[in-house]
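The values are calculated or read from the model by the stated rules, or taken from the named source; none is laboratory data. All of these numbers come straight from a predicted model, not from anything done at the bench. All Cβ positions, glycine included, derive from the backbone under ideal geometry; neighbour counts span all protein chains shown. SASA here: full protein model, heavy atoms, side chains in, ligands and nucleic acids out. Shrake-Rupley method; radii C 1.70, N 1.55, O 1.52, S 1.80 Å.
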Amino acid sequence: MTRRTTDSRGVSEILGLILAFGLVVSVIAVVQMAGTPVWTAGDEAAHNARVSSDLASLDSAVFRTAGFDQQGSVAVETDLSYDNRYISLSPPDATGVFTTTDAESVTLEHAVALGAESTYWNGTTYAFGNATTLRYAPQYTERESQSLVIESGVSYLDAEGDIVVNRQSLVSGTTVNLVILEGDLDGHTTAGETVSLSAVSTRTESLTVSDDGSPIRITVPTGLSEAAWDDLLADEPHASVVFGDPDGNPNTVTVELAAGQTYDLRIARISIGTALEPTDAEYVIVEEGDLAGVPAGGEQTLVVRAFDEYGAPAAGAQITFADTTPLGGSVAAPDGSTTVRTDESGRARLVYTAPSDVTSIESDTVNVSIVGAGGPAATTTIELEVRGVGDSYNVRNVEATATPEGTPEATPEATPEPTPEVTPEPTPEATPEATPEETPEPTPEPTPEPTPDPDPIPEEDFDIDDGTVVPSSDFTGDFELLGSAIKAGWYDVPVEVTFVVGETTYAPDDWENVNDGEKRAFNASGSGGDGIVVIAEAEGYVKASSADDDKQVRVLRNGDPVPDINGFDGQDDVEEFVAPYISDDGETMELADNQAIFLFELGSTNEYESAFDMQDAVILVTLWEDDDADEDEED
């Protein structure tokens, strides 16, 4: 017989193990449930740091594309994958979202360009449509959302109304940057994709503008309040907010620039995410050849430049022109056609041939137009002066031979008349004694008198033909350096001066660098009709010839106004260089009629820049009549 017994000791151990395991699981679950939000927020913080760096690069890329780079792309890590948890569920992956607003307008009022572009920028109100705002918003589970916003001229972080500005570039001192974003970037961007940027309309050089009598005003769409813009422009001496529309649709702000000031304006049209067609050419200006003097039958290169409505050079614009001119000249593209397309810089080159049958000075014109553009600035007229071979450009030389020629004529006429009437013996004695004694004395006396005292000279001594001095008779030219000043930082830029007289070029050794504070002089002789050309070159900068570069070289004659041009970066003004030749009234130049002063600008080609100070080389030219030019020529 078998006896059954019971024992519960094993059951207790199993139950204890189960209870302990359950307790561990419960603790882990409680820890994960409590810690998951913290861990999730940490993941989001780390991702936000990475994406903030990407967005800062995107903001910088927009600014670079507006001024320097033609295109760019920035990868933005918008996706965030959370770590898997063992018991609790992890949040779903987060994906940041790019959005672009509806197209709005940026407007510019009362801006007038200085220079040739004033035919288009003349104070009219300009509206640049299709401007959009780019916004990136992360979709975090735990972390507060902080969006990046890039507008026309400002970028900022928006944390549910708490604004932190990253960059304000609309106005900086006297520089104005209008950046107009266009395109559609709505949707999600994953970590493997990029945001593409492309410059559609930009210009590297600034457009110098001033107001038309009313202050320049700029209106841009914005998500910032008027008070926020007041804070942004608080340190700008020339800009202020005149009104905002924070409750309107679209929101806008209008910035007013101080009147009576010149500004460097840059307008950039940038595509973002979407490829855009190039902007059509809107206006054309003359860059080279206007008012040029062309000999009969000669040729002149004409350069025009086309721009779009943003002021950017328009590449590929078709330029048309008549192949004959009112005076009978001809115009053609370099390849002989009657139309030409602009290059990447917006420039197109034509060749004008003057009629050969002109015998006097006649005016001629060339009309140039942009095909497909209808505005008044889409056509420009180039004026030319055709100089016939039968016309003389030499002038009366004051130091003519009136005195020497008159003396011998009077002597023989007076001597024979009294000879038969008076006793023949004293006549020959008196005649030889008086003639040699009196004749040589007055001859040398009148010659040096005009040198120190130009006042007795009654009329001009020579002509300046497009910067080339053309004396009418044999001459000696004295060239005196009045000064030179051009710097690159603390470095004095070497300036070399050479002279061309007729067909001969002179390069004196001590004129290889005149920017050393030392005075120097040179003289050369030539024959009547020989042209005199002065050439100055700043090492690494501009080379200018008095015969060709009318913008880089100016000539002062007697009675001209004293130049009122400030020296760049603390350098002496032009007025200080020419001070010995300023009249007592302080307003006009006082030079002899056979003198001229040449002013050279060798550091800049933009006459509206402060560096364009016209005193990089200042040279006085004085001409004297010289009957023995070939013998007296000096090096």
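Of Thr204, Thr208, which residue is surrounded by fewer than 21 Cβ atoms within 10 Å (Cβ to Cβ), assigned to a strand (DSSP E or B), within 17 Å of the chain's Cα centre (by Cα) and of a type in the set (Val, Ile, Thr)?
Values: Thr204 fails: assigned to a strand (DSSP E or B).
Exactly one of Thr204, Thr208 is surrounded by fewer than 21 Cβ atoms within 10 Å (Cβ to Cβ), assigned to a strand (DSSP E or B), within 17 Å of the chain's Cα centre (by Cα) and of a type in the set (Val, Ile, Thr), namely Thr208.
Please determine whether any residue of the stretch 100-110 is part of a strand (DSSP E or B) and modelled with pLDDT under 85. There is at least one residue in the stretch 100-110 that is part of a strand (DSSP E or B) and modelled with pLDDT under 85. Residues that are closer than 20 Å to Thr202 by Cα and not in a strand (DSSP E or B): does the stretch 283-297 have at least one? Within the stretch 283-297, none of the residues are closer than 20 Å to Thr202 by Cα and not in a strand (DSSP E or B).
Of all residues in the stretch 478-491, those satisfying the criterion of being buried (at least 16 other Cβ atoms within 10 Å of the Cβ), not polar (S, T, N, Q) and not in a strand (DSSP E or B) are Ala485, Ile486. Restricting the stretch 289-317 to residues that are open to solvent by 10 Å² or more (accessible area, probe 1.4 Å) and more than 24 Å from the chain's Cα centre (by Cα), the residue that is nearest to Gly374 (Cα to Cα) is Gln300.
Among the residues that make up the stretch 176-186, is at least one of them out of contact with any Ser or Thr (no Cβ under 7 Å at 6 or more places or on another chain), assigned to a strand (DSSP E or B) and modelled with pLDDT of 85 or more? Taking every residue of the stretch 176-186 in turn, at least one turns out to be out of contact with any Ser or Thr (no Cβ under 7 Å at 6 or more places or on another chain), assigned to a strand (DSSP E or B) and modelled with pLDDT of 85 or more.
Considering the stretch 97-111, and only residues there that are surrounded by 18 or more Cβ atoms within 10 Å (Cβ to Cβ) and of a type in the set (A, V, I, L, M, F, W, C), the residue that is farthest from Ser155 (Cα to Cα) turns out to be Ala111. Looking across the stretch 275-288 at every residue that is open to solvent by less than 40 Å² (accessible area, probe 1.4 Å) and either touching a Pro at 6+ places or on another chain (Cβ under 8 Å) or among the aliphatic types (A, V, I, L, M) (or both), the one that is farthest from Val366 (Cα to Cα) is identified as Ala281. Scanning the stretch 146-168 for residues that are open to solvent by 10 Å² or more (accessible area, probe 1.4 Å) and polar (S, T, N, Q) returns Gln146, Ser147, Asn166, Gln168.
Of all residues in the stretch 75-85, none satisfies being buried (at least 17 other Cβ atoms within 10 Å of the Cβ) and at pLDDT 70 or above. The set of residues in the stretch 372-382 that are within 17 Å of Val331 (Cα to Cα) and either without any contact (Cβ under 8 Å) to a residue 24 or more places away in the chain or not in a strand (DSSP E or B) (or both) contains only Thr381. Looking across the stretch 492-505 at every residue that is assigned to a strand (DSSP E or B) and out of contact with any Leu (no Cβ under 9 Å at 6 or more places or on another chain), the one that is farthest from Gln615 (Cα to Cα) is identified as Thr504. Being part of a strand (DSSP E or B) and surrounded by fewer than 13 Cβ atoms within 10 Å (Cβ to Cβ) holds for only one residue in Ser369, Ser363, Ser337, and it is Ser363.
Only one residue in Asp235, Asp264, Asp230 is among the acidic types (Asp, Glu), open to solvent by 10 Å² or more (accessible area, probe 1.4 Å), modelled with pLDDT of 85 or more and assigned to a strand (DSSP E or B), so which one is that?
On the way: Asp235 fails: assigned to a strand (DSSP E or B); Asp230 fails: assigned to a strand (DSSP E or B).
Among Asp235, Asp264, Asp230, only Asp264 is among the acidic types (Asp, Glu), open to solvent by 10 Å² or more (accessible area, probe 1.4 Å), modelled with pLDDT of 85 or more and assigned to a strand (DSSP E or B).
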